[in-house]
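Notes follow once the structure below has been shown.
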Amino acid sequence: MSNALSFYIILIVAINILGCVALLFFTRKKKQSGEQGKTTGHVYDGIEEYDNPMPRWWLWLFYITIVFAVIYLILYPGLGKFKGVLGWSQIGQYEEEVAEADAKYMPLFEKYAAMSVETLQDEPEALQMGQSIFANTCFGCHGADGRGGIGFPNLTDDDWLYGGTPDDIMYSIMEGRKGAMPAWGGALGEEGVSQVVHYILSENEVERTFKPELVNEGKTKYEAMCAVCHSKDLTGNTAMGAPNLKDTTWLHGGSISMIKDVIENGIQANMPAHDKILGKQKAHLVTAYVYSLSHADDEQSQQ
Ligand code: HEC
Ligand code: HEC
């Protein structure tokens, strides 16, 4: 804040407070000289305005607010650059609260950091902490229940773009992931896109309607242009985050027009890196929670 702005703010605040004091002063004078029951002469809709003094309680309230304002401005920041004698600040308070929470949870974080993701599956408190980190940090993209949506992978199933081991999940969270599907509309043309789409549909593990006459050409084009990422047998490649195109899980919607759209226009997906936001210990806990989402069945079968 510049000195001029600071001075300007102080001036406005001071004028405001002095204005209130002046207002009070004049209404108080009126009260001493005014006679009860006199009207001001203003009438509206048959209602007359009386020239009575302000009620006492109201005046007192006014005095108190002024005193409060002055004390507040001495103690807390409010007068331009003046920081207040308490030295309070929002950031200071936030940092204090964070430090307090860290001190409270640090021993727990350390305890859980030393345990593997698999063993944490039997620690309800650790999973709960992971869940609350998830609710704060991840739910905007992956949904409150981790089921994701179009373009945002479901984290509760067994289908993983980048692999579902604890290390894979931890890596996805800490380092982030970038899924790059090139646009093929230009290279393939409309007909070429249709051919690969119908080839992909013909290979799906569930029966889908497709045009058999397009499949052969589609297969040739697929093997030349797509197999390098999605693999020759269409099962995908976790090293690239290229999804399995044979199964019933579709990251971008599985209708013919949605599949076409992805192939024509490509996708630049971005899972942001969370190493700086979370740090290792919190990432470890949220990894344990994410891992639990797709392993809930194992737990039930153990019981
Ligand atoms: C800004 C949106 C966004 C946020 C926030 C976000 N993610 Fe993601 N995440 C994505 C996207 C998009 C992908 C898919 C990347 C791709 O398609 O290549 C992804 C992928 C993942 C994957 C890999 C899934 C797989 O199938 O291999 C995991 C695990 C994951 N996220 C966990 C998390 C966790 C845990 C958090 C919170 C700490 C989080 N994400 C926060 C958008 C987000
Ligand atoms: C450079 C690697 C690469 C190549 C080559 C490539 N893809 Fe992809 N493809 C990807 C990635 C990565 C994604 C996932 C994008 C994301 O994470 O959102 C993807 C997604 C898709 C999807 C959406 C899948 C879903 O679950 O919704 C389809 C369909 C697809 N690709 C078809 C093709 C076809 C057809 C070709 C060849 C013409 C092709 N891809 C070539 C990397 C590639």
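The values are calculated or read from the model by the stated rules, or taken from the named source; none is laboratory data. Everything numeric in this text was worked out from a predicted model, so none of it was measured. A quick note on method: Cβ atoms are made from the backbone with ideal geometry, for glycine too, and the neighbour counts reach across all protein chains shown. These area figures cover heavy atoms from the full protein model, side chains too; ligands, DNA and RNA do not enter into them. Shrake-Rupley method; radii C 1.70, N 1.55, O 1.52, S 1.80 Å.
Values as computed for the structure displayed
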read-out	value
Residue check, Ala269 within 8 Å of ligand 2 (Cβ to nearest atom), open to solvent by 30 Å² or more (accessible area, probe 1.4 Å) and in contact (Cβ under 8 Å) with a residue 40 or more places away in the chain	yes
Filter result for Glu207 (touching a residue at least 40 places away in the same chain (Cβ under 8 Å) and either surrounded by fewer than 17 Cβ atoms within 10 Å (Cβ to Cβ) or out of contact with any helix residue (DSSP H, G or I) (no Cβ under 6 Å at 6 or more places or on another chain) (or both))	no
Candidates Asp275, Asp247, filtered to the one that is more than 21 Å from Asp159 (Cβ to Cβ) and of a type in the set (Asp, Glu)	Asp275
Hits in segment 150-162 (condition: in a loop (DSSP other than H, G, I, E, B) and either within 12 Å of ligand 2 (Cβ to nearest atom) or under 18 Å from Leu285 (Cα atoms) (or both))	Ile150, Gly151, Pro153, Asn154, Leu155, Thr156, Asp159, Trp160, Leu161, Tyr162
Segment 168-185 residues that are under 16 Å from Leu251 (Cβ atoms), paired with ones that are assigned to a helix (DSSP H, G or I) and at pLDDT below 95 (beta carbon under 8 Å, 6 or more apart)	none
Cβ-Cβ under 6 Å pairs, at least 6 apart or on other chains, segment 236-251 side over 12 Å from Cys226 (Cα atoms), far side aliphatic (A, V, I, L, M) and open to solvent by less than 60 Å² (accessible area, probe 1.4 Å)	Gly241/Leu161; Lys246/Leu234
Members of segment 131-170 that are of a type in the set (Asp, Glu), closer than 23 Å to Leu234 by Cα and at pLDDT 95 or above	Asp168
Pair list, Cβ under 9 Å, 6 or more apart: segment 92-113 residue modelled with pLDDT of 85 or more, other residue of a type in the set (D, E, K, R) and part of a helix (DSSP H, G or I)	Leu108/Glu125; Phe109/Asp102; Phe109/Lys282; Tyr112/Glu125; Ala113/Lys280
So Val290, is it under 36 Å from the mean Cα position of the chain (by Cα), at pLDDT 95 or above, within 10 Å of ligand 2 (Cβ to nearest atom) and among the hydrophobic types (A, V, I, L, M, F, W, C)	no
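Yes/no per residue for (1) away from ligand 1 (no atom under 16 Å from the Cβ); (2) touching a Phe, Trp or Tyr at 6+ places or on another chain (Cβ under 8 Å):
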residue: Thr65; (1), (2): yes, no
residue: Trp88; (1), (2): yes, yes
residue: Ala126; (1), (2): no, yes
residue: Gly130; (1), (2): no, yes
residue: His142; (1), (2): no, yes
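Let's see how each residue does on (1) surrounded by 12 or more Cβ atoms within 10 Å (Cβ to Cβ); (2) assigned to a helix (DSSP H, G or I); (3) away from ligand 1 (no atom under 15 Å from the Cβ):
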{"position": "Lys232", "(1), (2), (3)": "no, no, yes"}
{"position": "Ala239", "(1), (2), (3)": "no, no, no"}
{"position": "Leu245", "(1), (2), (3)": "yes, no, no"}
{"position": "His252", "(1), (2), (3)": "yes, no, no"}
{"position": "Glu264", "(1), (2), (3)": "yes, yes, yes"}
{"position": "Tyr289", "(1), (2), (3)": "yes, yes, no"}
